[in-house]
Amino acid sequence: MTQDDLRKEIRELRAQIEALRTALSDVTRPYTELMAYVDRLQAVSRSYFPVLELFTKYGKVSPDLVIPGLKDDISRHIVVSLFDQPDRNISQIAEAVKGKRGTASRRIVRARLEDLQRQGIVVATPGSRTRTFRVANEVAEKWSQVLGVPKYRDQSHEDQTR
């Protein structure tokens with residue numbers, strides 16, 4: 001074998017090795033992606049254990065579990081309705097509470113909202129004509145910790161700091 005033949009054969013071997021590297025990379029890519037999905041699934045499933053523990057301990061999983069001292073049923077329903085859909089006005093909140101518990105007047109809902117604001121549980125966001133309400137950041141963060149998720153994303157709003 002001559003020197004040129006050896007060089008040619010080495011080049012061919014290099015090309016074959018590079019082709020094998022590319023093929024191996026292509027073959028392993030789906031498995032790498034699959035393992036990333038499995039890791040994500042494991043992280044999500046781990047966050048369900050605290051929720052299951054709450055359910056077995058209290059018989060329910062509700063945002064009012066992170067707010068000790070809510071003085072009445074209406075206040076609890078207000079907080080739950082604001083977690084369900086933030087930025088509601090008093091009429092919308094009263095309708096949501098009425099739908100869950102059967103009765104709730106706007107006057108009582110307004111009074112409870114004022115109490116919840118004083119306690120720092122709910123914040124008002126001033127609008128052009130009517131005020132809307134949402135759960136305070138601190139309460140939303142506590143709830144997200146209970147659920148085991150990074151943050152209750154629907155609650156991130158700049159007006160909550162007021």
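What follows draws every value from the coordinates through simple rules; no lab data is involved. Owing to the predicted nature of the structure, the values given are computational and were not obtained by experimental measurement. Virtual Cβ from ideal backbone geometry, glycine too; neighbours counted across all protein chains shown.
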Pop the C-beta distance of ASP73 and VAL146 into the FRET formula with R0 = 22 Å and round what comes out to the nearest 0.05. 0.60
In vacuo Debye sum over C-alpha of region 1-42, base-10 log of normalised intensity I(q)/I(0) at q = 0.28, 0.31, 0.32 Å⁻¹, listed in q order, is -0.86, -0.92, -0.94
